[in-house]
Amino acid sequence: MTIAKRIIPVLTACATAGWLMISSPSAQADAARPDPQSMKTGTTVQAHRPALTCAYKVRHVRHSSFLNVRRGPGVKHRPVGRLTMANGRFAGACSASRGWVAVKTRNGRLGWAHARYLHRVHSTPAIRIPDLACAYQLRKVHNKGYLNVRRGPSVRYRPVGRLRVADGRFVGSCGSRHGWAAVKAANGREGWASTHYLHKVN
């Protein structure tokens, strides 16, 4: 019997047992290889999810594509949501588990995304909001413009809301912090606005 005749039955038996796999590149970003822990037979079990206290953005993903968020830390777990470049920041765990990070999608679904496609954002902590016992109106703001209400008393903090001239009076702190006063934005979010654009109403 030739070598070729000996090899063919062995390959046939392996293929029947499901040991040989033909892989093709996915259209969406995901892990390059399955997690060994997720290759067990039977149904996948959702992994323990740590606290989502850090912030991330998607990276290495085309604007026209998306990153799968899966039920567990491995490609064998089914997708439960998606993340795109347009989503901006989203919450996630501060550490990875076997190359996967627990995250929350924009629609509120919880799952796991591969760490290769995530960029951790170092955000500044929020400043405590004092009592909003005074009233304000905007000044030096165009009727069609708006004033950003930020997460902290500085332009380095991200906006959490807006104030417009049409909003009329709004509540704010009676004191200021380095030229910033705590206010309540039109969407109900509390933050900080520059006192340069605020007029305190007696």
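Per-residue SASA remark: CYS54, around 20 Å² accessible (1.4 Å probe; ligands, DNA and RNA not included). Using heavy atoms of the protein chains and a probe of 1.4 Å, the accessible area assigned to LYS140 is about 140 Å². In plain terms, the bigger the Kirkwood radius, the slower the diffusion; for the stretch 94-202, with that radius from Cα pairs, at 20 °C and 1.002 mPa s, Stokes-Einstein puts D at 136 µm²/s. Here the simple spin-label model places points 7 Å from the Cα toward Cβ, and for HIS122 and LYS140 these points are separated by 3.3 nm. Computed over the stretch 93-202, relative contact order equals 24 percent, with contacts defined as Cα pairs under 8 Å that lie 6+ residues apart. In this simple spin-label model, placing a label point 7 Å from the Cα along the Cα-to-Cβ direction at both VAL165 and ARG98 gives a separation of 6.0 nm. Each of TYR146, TYR197, TYR117 has its accessible area taken with a 1.4 Å probe; listed largest first, they run TYR146, TYR197, TYR117. Tell me the label-point distance for the pair LYS57, LYS200, using the 7 Å Cα-to-Cβ offset, in nm and rounded to one decimal. Those two pseudo-labels are separated by 3.7 nm.
The values are calculated or read from the model by the stated rules, or taken from the named source; none is laboratory data. Computed from a predicted structure; not experimentally measured. Every residue, glycine among them, receives a Cβ derived from its backbone with ideal geometry; neighbour counts consider all protein chains shown. We work out accessible area using only protein heavy atoms, side chains counted, and drop any ligands, DNA or RNA first. Shrake-Rupley method; radii C 1.70, N 1.55, O 1.52, S 1.80 Å.
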